[in-house]
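For reference, the structure discussed in these notes is given below.
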Amino acid sequence: MFLNRKIILLICSLAVIGLFFPVGFLNASNTINYQGRLLEQATGYPVADSSYSLQFTFYDQATGGNNLWTETRSVSTYNGLFSVMLGASTTLDGVDFSQDIWLGVKVGADSEMTPRRILGTVPKAFEAEHLGGLTADDFLKLGTTTASTTESLISIYQEGVGDILRLYGTSSEPLVTVNAEGRMSIGTTTAQEMLNIEGNILVHGDARLIGPLIVGDGTSDDQALITVNVDPVKYSAGLPNWFWSENFAGSGVGGFAF
């Protein structure tokens, strides 16, 4: 039986939201529900109820272009109507659905029907580009690579003036902040220097200082109470040896002992 090389599309929808949504559904099936109708060329009437071999192909262009995916299925018709789940026999996992895709259909030994049909989406899938009303540009993008690569495993780029990173606990104030200049604040949101810590510091192990040590009085003008220019601390038999590059000077109540 010679078939009309045209399918009247009743429904061509992306029925599985899991193909596009940024959040996953455990029970989602990565298939596309496609329905159409086969008509005889001579009369325009539906083909006889039977099984027909249909080949479905995705392209990246309306004509020509690259073959992105192909699947051949045997479909049964009733009054010319058929329904098939594309991707049920050949996985769609390798198809990039972020681009425009055209579907070509071939029936039996006939040539592929023209024109190709561009895939559309069901209305609910319009929200697939958003999460909580936000677009993909509003979220941090993480890429995966192997630990043996010379590239960074995680890279964060801040193109605006906001902070690069904020870590929160139970409080509304961030515990750790890294601003757009790379200054890190711990226990405070004020970043006067490259590292600002509000609170005590406990160090287990060696601590090395390159440059002067300045102990301030905690006021806004950060007046230095003690300034020490010292070489790196060196240990001998578990005891520190201090090597001073300049004279040590201090004032105030109390003493300073080594």
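The values are calculated or read from the model by the stated rules, or taken from the named source; none is laboratory data. Keep in mind it's a predicted model, so treat the numbers as computed, not measured. Positions of Cβ are generated from backbone atoms using ideal geometry, with glycine treated the same way; all protein chains shown enter the neighbour counts.
For the stretch 38-90, enumerate the residues that are under 18 Å from PRO115 (Cα atoms), part of a loop (DSSP other than H, G, I, E, B), modelled with pLDDT of 90 or more and touching a strand residue (DSSP E or B) at 6+ places or on another chain (Cβ under 9 Å).
ASP60, GLN61, ALA62, THR63, GLY65, ASN66
What residue, among those in the stretch 112-138 that are at pLDDT 70 or above and charged (D, E, K, R), is surrounded by the fewest Cβ atoms within 10 Å (Cβ to Cβ)?
Here the residue is ASP137.
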